[in-house]
Amino acid sequence: MFFATRCLPGGGETTPPPSDPTTPTTTPTTPTTASPVATGGLDAKMKAKGKRYFGTATDPGTFGNSQVASIIRAEFGSVTPENSMKWDATESSRGSFNFGNADALVNFATTNGKLIRGHTLVWHSQLPGWVSNINSASELTTVIQNHVATVAGRFKGKIDHWDVVNEVFEENGTFRNSVFYRLLGEQFIDIAFKAAKAADPNAKLYINDYNLDYAGSKINAMISLIGRLKSRGVPIDGVGTQAHLIAGNSINSVPAQIRALAATGLDVALTEIDIRIRKPVTSALLTQQATDYATIIKACVDTPKCVGATVWGVSDRNSWVDSTFPEFDAPLLFDDNYAKKAAYTSASNAMN
Ligand code: 9MR
């Protein structure tokens with residue numbers, strides 16, 4: 001899917017009004033204006049808006065850096081394992097489970113009082129070949145049930161949200177041609193959710209996808225599917241919209257899509273926010289990105305069913321964007337040197 005690039009506003013930052021010359025020049029003991037960034041970090045501000053968390057994605061490879069770890073401790077209230085709970089990481093060969101990095105992530109989260117968004121149980125990507133090569137529906141059903149029971153069961157009681165199924169749709173709203181859909185049809189989703197509910201009854205169970213940021217076939221298909229899942233009594237609690245976005249591109253359509261997802265009656269979470277910038281990164285584009293972060297975060301704040309927002313990483317130094325979209329850069333709230341960007345301040349202010 002390609003988007004027409006919206007013209008970027010020429011704009012610089014707005015200039016504050018000149019101070020009133022009649023104002024006495026006494027030094028106030030307390031600031032007369034709110035400081036732009038409250039103490040307590042992004043998570044505290046999101047909670048003050050009645051939400052559950054402001055989160056980030058990480059794994060031992062990133063929180064092992066002490067600067068990343070201290071930013072997570074200070075700013076974020078939830079962590080999503082970026083890779084460590086995926087099928088290729090947890091069950092790369094059949095029935096042989098490895099939880100090294102996933103356990104380390106869970107220990108980091110629980111030690112630091114962070115919620116965890118489990119990610120993800122059934123996904124066509126990062127899926128070992130032994131699963132893709134299954135050609136019997138009953139065998140695949142058993143394999144899904146065992147995988148979900150083992151992975152979700154291991155972390156029972158510790159996971160706030162599980163992304164039970166991820167990215168089931170093509171861009172045109174048809175089901176993705178995964179081994180799951182080919183052998184089981186839409187029922188693979190029911191199987192996965194029922195298995196997750198049995199394994200961890202208190203986790204909120206989510207369906208998650210990308211490009212739900214604008215009106216069209218894909219979000220329509222998601223909303224229809226949610227209606228069918230609910231009518232079949234499938235235990236689904238929420239829908240995650242990933243929000244992998246491009247600065248200055250289609251951002252203004254996002255708030256209405258968040259409201260449309262909320263109108264299903266499910267909880268909504270922004271699950272993987274990043275807003276990448278087409279190189280070369282300029283100060284105007286960083287300002288555009290800051291504006292765009294505010295638009296997205298405010299849309300969640302203003303939508304009662306939106307329960308939280310997660311950015312897909314801490315600093316621009318560690319983002320999937322570098323390898324996947326080499327013509328883009330700088331998608332996150334902290335720069336390559338772990339300093340707060342304009343986007344950080346703007347995201348924070350969107351929660352005032
Ligand atoms: O950020 C993840 C990156 O490190 C992995 O190499 C990649 C492999 O597919 O997955 C990235 O995370 C994805 C997430 O799990 C699902 N939505 C899209 C994310 C970005 O690709």
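For every residue, the table says whether it meets (1) open to solvent by less than 20 Å² (accessible area, probe 1.4 Å); (2) within 16 Å of the ligand (Cβ to nearest atom); (3) in contact with an Asp or Glu (Cβ under 6 Å, 6 or more places away or on another chain).
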| residue | (1), (2), (3) |
| --- | --- |
| ARG176 | no, yes, yes |
| LEU183 | no, no, no |
| PHE193 | yes, no, no |
| ALA196 | yes, no, no |
| ILE226 | yes, no, no |
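Within the stretch 307-345, the set of residues being buried (at least 21 other Cβ atoms within 10 Å of the Cβ), within 14 Å of the ligand (Cβ to nearest atom), of a type outside the set (S, T, N, Q) and not in a loop (DSSP other than H, G, I, E, B) comprises VAL311, VAL321.
Taking the conditions exactly as written (within 23 Å of the chain's Cα centre (by Cα) and either open to solvent by 10 Å² or more (accessible area, probe 1.4 Å) or among the small types (Gly, Ala, Ser) (or both)), does GLN126 satisfy them or not? Quick ask: steps written out before the conclusion?
Details: within 23 Å of the chain's Cα centre (by Cα): yes; either open to solvent by 10 Å² or more (accessible area, probe 1.4 Å) or among the small types (Gly, Ala, Ser) (or both): yes.
In short, yes.
For the stretch 287-304, the condition of being over 18 Å from the mean Cα position of the chain (by Cα), among the small types (Gly, Ala, Ser) and either over 23 Å from ALA260 (Cβ atoms) or surrounded by fewer than 21 Cβ atoms within 10 Å (Cβ to Cβ) (or both) holds for none of the residues. Scanning the stretch 228-243 for residues that are surrounded by fewer than 19 Cβ atoms within 10 Å (Cβ to Cβ) and touching a strand residue (DSSP E or B) at 6+ places or on another chain (Cβ under 8 Å) returns PRO235, ASP237.
Residues of the stretch 116-160 that are assigned to a loop (DSSP other than H, G, I, E, B), under 18 Å from PHE99 (Cβ atoms) and among the polar types (S, T, N, Q): GLN126 alone.
Note on the stretch 65-118: residues that are more than 21 Å from the chain's Cα centre (by Cα) and open to solvent by 30 Å² or more (accessible area, probe 1.4 Å) amount to 12.
Taken as a whole, the condition of being acidic (Asp, Glu) and within 16 Å of the ligand (Cβ to nearest atom) does not apply to GLU139. Filtered by the rule that a residue be under 21 Å from ALA260 (Cβ atoms) and not aromatic (Phe, Trp, Tyr), the stretch 187-217 gives ILE189, LYS204, LEU205, ILE207, ASN208, ASP209, ASN211, LEU212, ASP213, ALA215, GLY216, SER217.
The values are calculated or read from the model by the stated rules, or taken from the named source; none is laboratory data. Because the structure is predicted, anything quoted here is derived from the model rather than measured. Glycine gets a Cβ as well: all are built from the backbone with ideal geometry, and neighbour counts include every protein chain shown. To get the accessible areas, we keep the full protein, side chains included, count just its heavy atoms, and leave off ligands, DNA and RNA. Shrake-Rupley method; radii C 1.70, N 1.55, O 1.52, S 1.80 Å.
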